[in-house]
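Remarks on the structure that follows.
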């Protein structure tokens, strides 16, 4: 496991910079099982050099608005993007998924989401909205398989012990729902860690909430 370094425009993230993202955030009222699973994963991660995601920052990344940092995107441009997202997602209903199989990855730990196809379809609709408002140059990152990050490593470490601890969690799955996506101003900053190390932490400011489907 290597130290996590966020990336923007295919380069290391400028410390403290903020960038607009579209995230799918789990519904709180459907998250009892998810909350239990995440608590057990956090306990398993305690001996590892990993900064866990807080319960209020769990999310599935749908897309990054990567043409420029958020300080260069005006209020009017944000409103235009939010309205485009509403239009492109108006016929997309809430998405029922299951978080499962907690596992280590290259720079931390994550939960797989199944089925993934509804989230892949959601991503394509979001990308259509971004292309329509900001052009194809705003889409520079491959989203990969839909997942929820559990935490980011702040130092190199063997993943073996963590992999074993996560594999002991039972049940290792939890159903929940996404019924909206969030347009967010996401910031990464480095913070001190033991032994003089630093680790990246994520915070966000809400810009707009876009329900999946309209009444």
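The values are calculated or read from the model by the stated rules, or taken from the named source; none is laboratory data. All values reported here derive from a predicted model rather than from experimental measurement. Note that each Cβ is placed from the backbone with ideal geometry, even for glycine, and that neighbours are counted across all protein chains shown.
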*Kindly indicate whether residue 102 is in a helix (DSSP H, G or I) and either touching a strand residue (DSSP E or B) at 6+ places or on another chain (Cβ under 6 Å) or closer than 28 Å to residue 163 by Cβ (or both).*
no
Residue 164 passes all but one of the listed conditions (1) touching a residue at least 40 places away in the same chain (Cβ under 8 Å); (2) over 21 Å from residue 122 (Cβ atoms); (3) outside any loop (DSSP other than H, G, I, E, B); the exception is number (1)
Those residues of region 133-147 which are without any contact (Cβ under 8 Å) to a residue 24 or more places away in the chain and either more than 15 Å from the chain's Cα centre (by Cα) or buried (at least 17 other Cβ atoms within 10 Å of the Cβ) (or both) amount to 136
Being under 16 Å from the mean Cα position of the chain (by Cα) and surrounded by 15 or more Cβ atoms within 10 Å (Cβ to Cβ) narrows 130, 62 down to just 62
Apart from one, (1) in contact (Cβ under 8 Å) with a residue 24 or more places away in the chain; (2) outside any strand (DSSP E or B) all hold for residue 150; the odd one out is (2)
Residue set 204, 154; condition modelled with pLDDT of 95 or more and over 16 Å from the mean Cα position of the chain (by Cα); output residue 154
Listed by range, strands (runs of 3 or more DSSP E) wholly within region 173-215 having at least 3 residues that are surrounded by 14 or more Cβ atoms within 10 Å (Cβ to Cβ) and touching a helix residue (DSSP H, G or I) at 6+ places or on another chain (Cβ under 6 Å) are 173-178, 198-211
| field | Condition check for residue 166: modelled with pLDDT of 95 or more, surrounded by 16 or more Cβ atoms within 10 Å (Cβ to Cβ) and under 16 Å from residue 62 (Cα atoms) | value | no
Filter region 117-147 for residues that are assigned to a loop (DSSP other than H, G, I, E, B) and out of contact with any strand residue (DSSP E or B) (no Cβ under 8 Å at 6 or more places or on another chain); the one that is modelled with the highest pLDDT is 135
